[in-house]
């Protein structure tokens with residue numbers, strides 16, 4: 001299960017941007033049609049089965065909008081909910097509920113979609129870790145990676161500074177020479193910096209293994225190539241973790257698990273997850 005969402009300054013800034021985008025402080029339709037001090041209540045309802053994510057943002061959105069709404073009965077993130085289930089209740093001025101409705105739902109629908117899709121993917125395996133990537137919506141990485149955790153997935157590095165991940169473009173920038181690339185890396189890196197090396201062939205794997213990288217990533221390899229690569233790794237004097245990437249689909253996970261890989265990275269967790277459907281229903285007093 002995911003750790004609790006920390007409402008960082010970046011997330012609060014993202015909320016303020018969303019509110020400004022909607023110009024929630026100047027809801028012209030509500031101002032012209034709803035009495036200013038009319039009180040009421042609202043429920044947010046799941047319109048289909050899903051894994052809820054983003055509940056903590058409901059209160060944060062109200063706070064950033066300086067609304068006086070009270071938020072209660074928010075179902076915990078990572079919880080599987082059913083169609084027509086109430087996931088949160090709000091009370092306060094109807095004008096505030098109307099002004100903030102879309103902002104709240106947009107965050108919930110997007111993040112619940114990622115959590116739900118991730119849960120569906122990880123259901124295909126038992127002993128293999130499913131990781132996300134940096135293929136995230138600009139500015140949304142913190143929240144999208146949180147949603148992956150809510151769905152039962154795990155996070156790869158969050159930024160370029162977190163680890164050394166030698167990819168094919170780094171190797172190609174060194175004349176396609178894995179040895180030259182790793183010589184440069186290991187000569188200057190901090191002793192505590194974790195290293196992952198992406199390999200596209202068994203020859204590249206053979207060249208990388210003597211450097212004892214923490215992780216080797218098989219990129220766009222067939223199952224046969226992976227099986228041969230795993231045999232090489234089992235003969236190495238120090239076994240790195242093995243990650244597989246490159247268009248990985250849920251249907252392939254069971255086979256990769258049998259081959260003995262430790263984890264897969266899937267950009268699809270954040271790039272292909274459909275939004276979930278939630279709605280708000282308001283009642284005035």
* Asked: Is it the case that some residue within segment 62-74 is touching a strand residue (DSSP E or B) at 6+ places or on another chain (Cβ under 9 Å) and part of a helix (DSSP H, G or I)?
  -> yes
* Could you grab me the full set of residues in segment 138-154 that are out of contact with any strand residue (DSSP E or B) (no Cβ under 7 Å at 6 or more places or on another chain) and closer than 29 Å to residue 185 by Cα? => 138, 141, 142, 145
* To do: Mind telling me which of the residues 48, 40 ends up being under 16 Å from residue 110 (Cα atoms), assigned by TED's automatic domain parsing to the domain that holds residue 108 and touching a residue at least 12 places away in the same chain (Cβ under 8 Å)?
  => 48
* Could you list, in sequence order, the residues of segment 201-239 that are crowded, with 21+ Cβ neighbours inside 10 Å, touching a helix residue (DSSP H, G or I) at 6+ places or on another chain (Cβ under 9 Å) and not in a helix (DSSP H, G or I)? -> 213, 216, 218
* For segment 241-284, how many residues are part of a strand (DSSP E or B) and within 28 Å of residue 208 (Cβ to Cβ)? -> 8
* Asked: Quick one: how many residues across segment 271-285 are closer than 24 Å to residue 74 by Cα and surrounded by 14 or more Cβ atoms within 10 Å (Cβ to Cβ)?
  -> 7
* Which of (1) without any contact (Cβ under 8 Å) to a residue 24 or more places away in the chain; (2) more than 21 Å from residue 248 (Cα to Cα); (3) outside any loop (DSSP other than H, G, I, E, B) is the odd one out, the single condition residue 169 does not satisfy? -> (2)
* Number of positions in segment 89-127 that are outside any helix (DSSP H, G or I) and at pLDDT 95 or above -> 5
* Structure fact -> The condition of being in a helix (DSSP H, G or I) and either within 23 Å of residue 122 (Cβ to Cβ) or at pLDDT below 95 (or both) holds, among 16, 31, 12, only for 31
* Which residues, taken from segment 240-265, are in contact with a helix residue (DSSP H, G or I) (Cβ under 7 Å, 6 or more places away or on another chain), closer than 14 Å to residue 153 by Cβ and at pLDDT 95 or above? -> 264
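The values are calculated or read from the model by the stated rules, or taken from the named source; none is laboratory data. Being a predicted model, the structure only gives us computed values, none of them experimental. Because the Cβ atoms are built from the backbone with ideal geometry, glycine has one as well, and the counts that use them run over all protein chains shown.
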